[in-house]
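Participant: Have a look at this one.
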C-alpha cells in the first residue's frame, strides 16, 4: 500500500469537455506533473479511432493498466494529474488498483450538443463528433467524484477543484476518548490526512481536539475541530467519518447532529460497542437518506487501537470498498501479513460478531479466574501461579493467558496487587446482549451465560460475605488434582466455549441472511483482538471445511483425550466447594449435547399435559403432532 501523502488526480469525461486544458492548468497550480491519457494509447487504438471505430473493452484494458502503472510510479514522488475519459466504473476500478486511497476523481460534465460543437470546432484531432454518441451511451457517471459544470471558465474550474482537493482530509474521527485518540494516531502514522472532532463543553471539554493534535508529532498535519459543520466540510467527498462515542442514545444524537451537513453517499462508521439491533435500525434509517452506515466492531483495547486492532465492519460490499484502504491499513496483521479486517456482512453483522467476540471473551476470562481459584487452592501464591501459566504457553497460548501472567506477577509493596483488588467484576453490556441473543436465536451458548452470571454474582459483595458466614465452607483443601489435570480441563473448556460462540454466529448468519464466513472471521481474530490465541489459528483451516467444530476429526480427538481431565477437575472442585461454574458448564453441555436420547421427551409430555402443546413420536416418521388426554388414560 502507498503510504505517501501524494495524490493522483484523474480528470475524466467524454471527449471535448476540456480535460487536457483543465488538467494542464491544474498541474501548474499544484506544481505536479501532467499526463494526457491519449498519449499512452497503443498505435492500434489510435488507428481504430481514426477510422471512426469505437474502442471495445479489450482495446482499453492494456491502456488502462499502463495508466495505472504510471500513477503508481508517480506516487513515489509528489503525485500527478492524469486526464482520461474513464467512462465506465470498471475502467475506473482498473485505474484505481492499489491506489484508491490516493486517487481523486474530477468529472467534467456538459450537454451533448455543447460538447459536440466543441469537437466540431477542433482541427486535426483523431476523435470525430460521430463517436461522441457512443461515449455518451456508455458513460457511467461516477458516484464519488468532484463534478464540475464545463460552462464555467477554465480558471474557475481549476479554482473549484483546488479548493475541493487542497486542505481536505481523507478521513474523520468523531470523539476523542481513549479509543478515538489511539485510532487517530494509528491513521496518522499510516500517512492519512485526517480531521479530528471533539465536542466543546464550557469549562469541562475545551479545545480537546486542538490540544490532542499538538501533543503528538504524527498529528501535525491533521485538522482539529470542535464545530461540527466545519469538521464535516473539512472532509473529501464521499465523507468517511468514524464515530468513537459511547454506545446507546449518544450515537443517535450524534447522527442527528451530523445529518444536516452530510451529502448523499457520505459514510458514517460506528466504531463503538453498539447493540447490533440498533445498528440494523440505523443502517436502514440512514439508507433512506442516502447515507451509508457501517456498524464496526473494533477489538484490541487502547494498545490495539494504536498499534493494530481487529476490525469487523458490517455494511454493503460496495461501501466497504470505499473504507477498505483506511481500515485495513490500521488493522493488525495475521501470520501471512494480511490485515485482521474483512467485510463481515451487511446491516448489524459487524457489531453482532463483535458482541459474540466479547461473549467468548467473558467465558475465556472466567475460565482463567477459575484456574486461578484451583491453583491457589493447591497452595500456590500468585507468582507461582504465573510460573505455572507461563509453562502452559507452549501448548495453549493466548493474549488473555499472557496478560493474566503479567497481572499475577505485579506487586505493590510486599503483596501482590491482585490480592488488593475488590472482587466485584463489572461489565459494559455486551455479555448481557450476547446472552439475550443466544436465547432469542435458540442457541445453547451456555458458557457465555455462565460467565456473565458469575460476574453478576460477584457484584453482590456484601450479601456474599453474609452467605459465607451462614454457610461455612471447609477451609482445608483436599484437592486431588495436578496442574496437568487443570491444563487439560482448561483446554477442553476453551474448545466448548469457542464451539458455542461460533455456533451462535452461524445461526445468526442463517436467520439474518448475512452469509458470514467463519474461517475468515477466525482469521481476523488471530491478531489484534482480545481473544487471539493459538487455538483460533487452528480454527481458520478447520472452518474452511465445516461450520461445526464438533464434527472435525482433530477436534473430536482432542475432546476425547481431554474429557477425563475435566470430569476429574469438576468433580474435585465440587467436592472441595470451589466455585468453577464455567468449567462445570463445559462438561455439562457436552454431556447434554452428545446424547442421542435426552430427557426432553419427559418435558414435552409435561408441556402437553398442562398446556396441550402436543408432541411428536419416535415411531412415526411423518413428523405428525399428537396430543394425549393424560388424565383419562
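Participant: How about segment 536-549: which of its residues are in contact with a helix residue (DSSP H, G or I) (Cβ under 6 Å, 6 or more places away or on another chain) and in a helix (DSSP H, G or I)? Full working, then the answer.
Facilitator: Filtering segment 536-549 for residues in contact with a helix residue (DSSP H, G or I) (Cβ under 6 Å, 6 or more places away or on another chain) gives 536, 539-540, 543-544, 547, 549.
Correct list: 536, 539, 540, 549.
Participant: Answer yes if at least one residue in segment 510-524 is surrounded by 21 or more Cβ atoms within 10 Å (Cβ to Cβ) and on the phi > 0 side of the Ramachandran plot, and no otherwise.
Facilitator: Checked segment 510-524: no residue is surrounded by 21 or more Cβ atoms within 10 Å (Cβ to Cβ) and on the phi > 0 side of the Ramachandran plot.
Participant: Could you list all residues from segment 221-245 that are out of contact with any helix residue (DSSP H, G or I) (no Cβ under 9 Å at 6 or more places or on another chain), in a loop (DSSP other than H, G, I, E, B) and in contact (Cβ under 8 Å) with a residue 40 or more places away in the chain?
Facilitator: Within segment 221-245, 234 is the sole residue that qualifies.
Participant: A further question on this structure: Here are some conditions: (1) free of Cβ contacts under 8 Å to residues at least 40 places away in the same chain; (2) touching a helix residue (DSSP H, G or I) at 6+ places or on another chain (Cβ under 7 Å); (3) buried (at least 19 other Cβ atoms within 10 Å of the Cβ). Residue 195 meets all but one. Which one does it not meet?
Facilitator: Failing condition for residue 195: (1).
Participant: For residue 462, which of the numbered conditions (1) surrounded by fewer than 21 Cβ atoms within 10 Å (Cβ to Cβ); (2) more than 26 Å from residue 296 (Cα to Cα); (3) at pLDDT 95 or above fails to hold?
Facilitator: Going through (1) surrounded by fewer than 21 Cβ atoms within 10 Å (Cβ to Cβ); (2) more than 26 Å from residue 296 (Cα to Cα); (3) at pLDDT 95 or above one by one, residue 462 breaks only (3).
Participant: Something else about it: Can you name every one of the helices (runs of 4 or more DSSP H) wholly within segment 390-478 that holds 3 or more residues which are touching a residue at least 24 places away in the same chain (Cβ under 8 Å) and out of contact with any helix residue (DSSP H, G or I) (no Cβ under 7 Å at 6 or more places or on another chain)?
Facilitator: 446-459
Participant: For segment 3-17, enumerate the residues that are surrounded by 21 or more Cβ atoms within 10 Å (Cβ to Cβ) and in contact with a strand residue (DSSP E or B) (Cβ under 8 Å, 6 or more places away or on another chain).
Facilitator: 7, 8, 9, 10, 11, 12, 13, 17
Participant: Same structure, new question: Going by the conditions given, is residue 371 in contact with a helix residue (DSSP H, G or I) (Cβ under 7 Å, 6 or more places away or on another chain) and not assigned by TED's automatic domain parsing to the domain that holds residue 505?
Facilitator: Against the criterion (in contact with a helix residue (DSSP H, G or I) (Cβ under 7 Å, 6 or more places away or on another chain) and not assigned by TED's automatic domain parsing to the domain that holds residue 505), residue 371 does not qualify.
Participant: Does residue 501 meet the test of being under 21 Å from the mean Cα position of the chain (by Cα), touching a residue at least 40 places away in the same chain (Cβ under 8 Å) and in a loop (DSSP other than H, G, I, E, B)? If you could, list the steps in order and put the result at the bottom.
Facilitator: Working: under 21 Å from the mean Cα position of the chain (by Cα): yes; touching a residue at least 40 places away in the same chain (Cβ under 8 Å): yes; in a loop (DSSP other than H, G, I, E, B): no.
So residue 501 fails the test.
Participant: Further, regarding this structure: I'd like the residue in segment 263-282 that is more than 16 Å from the chain's Cα centre (by Cα) and surrounded by 20 or more Cβ atoms within 10 Å (Cβ to Cβ) and, out of all such residues, is nearest to residue 312 (Cα to Cα).
Facilitator: Across segment 263-282, the extreme among qualifying residues is 282.
The values are calculated or read from the model by the stated rules, or taken from the named source; none is laboratory data. Owing to the predicted nature of the structure, the values given are computational and were not obtained by experimental measurement. Virtual Cβ from ideal backbone geometry, glycine too; neighbours counted across all protein chains shown.
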